[in-house]
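Please treat every number below as a calculation from the coordinates, not as lab data. As the structure is a computational prediction, the values presented were derived from the model and not from experiment. In this analysis, Cβ positions are derived from the backbone assuming ideal geometry, glycine residues included, and neighbour counts consider all displayed protein chains.
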């Protein structure tokens, strides 16, 4: 199968068989991942390979209780890693990376994500199933503790990997006509955007129930006010259909009790010494 067909036919796998991943295959995937391009060629990331059942279950709990993570044969956590480079530089008494600003951290996170995606494409080529898990950052501090991460190492994305139980389904995608702009950002006709959105979610079919409606109403009211919330919930009830926006942004993704807040994440970055060196 060529690369373009792999990309067009891939889908996220969340249902894995008990068959283990062959170590030779896993080695090839990891070799592909570390060949991915990085900023300056520094490879400022590390990959933590987790197979131990208890640790997998702990990861699942920390990632919004997604049970399939505990059942996946392998979980690979990609971490921004400046600890390794600092150790090497200081062993030679030369200058390590001293830039921990927004630009640098953004690039380090992108480098780790590019490596993770490279591994995913290699996994598809090997006939395996996988899924990228962004929720590894939901409880980033506890994940760091679970994986014994030193200072200046930050978990940013995870890949759950294994043999598929079934082929899965390909989710709808916006076409290039919606996603690509010529030279500068172009504001598209709202009717065209609505048509593309309806086509993308043609198979979406979640019906309203009391649990969904209560949380969606609470979240919408908290962020946009009572009038906006009333209009939105009335529309859902009238259509007998919970639209993707309301489900994901009004029900699933808003932080639940116990999850890290924005302030918690900033505090954790400081604790991990990811906010800059102090001049001595």
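Where the centre of each part is set by its Cα atoms, how far does the range 77-112 sit from the range 1-64, in angstrom? First find each Cα centre; the distance between them is then 22 Å.
Computed per residue of the chain from DSSP H runs no shorter than four, each worth -39500 (n - 2.57), the mean residue ellipticity at 222 nm is -14000 deg cm²/dmol. With 0.36 nm allotted per residue and the present C-alpha distance subtracted, the residue 177-residue 266 stretch has 28.3 nm of extension available. Taking the C-alpha atoms only, the angle from helix 190-200 to the longest principal axis of the chain is near 70 degrees. Normalising by residue count, the range 204-252 has a Cα convex hull of 60 Å³ per residue. Approximating the spin labels as points 7 Å out from Cα along Cα→Cβ, the residue 8-to-residue 189 distance works out to 2.7 nm. Over the chain, Cα pairs under 8 Å with separation of 6+ residues give a relative contact order of 22 percent.
In this calculation the C-beta distance from residue 170 to residue 259 is compared with R0 = 22 Å, giving a FRET efficiency of 0.15.
Histogrammed with a bin width of 5 Å, the alpha carbon distances of the range 3-169 distribute as 1, 9, 18, 20, 20, 15, 9, 5, 2, 1, 0 percent, first bin at zero.
The C-alpha atoms of the chain define a longest principal axis, and helix 23-33 lies at about 90 degrees to it. In plain terms, the chain from residue 203 to residue 218 could stretch by 2.7 nm, reckoned as 0.36 nm per residue minus the Cα-Cα distance. For the chain, taking Cα atoms only, Rg and Dmax work out to 21.3, 68 Å respectively.
Packing, taken as the mean count of other beta carbons within 10 Å per residue, orders the peptides 172-179, 23-30 from highest to lowest as 23-30, 172-179. Between residue 88 and residue 28, how high is the FRET efficiency from 1/(1 + (r/R0)^6) when r is the Cβ-Cβ distance and R₀ = 30 Å? Nearest 0.05. It comes out at approximately 0.70.
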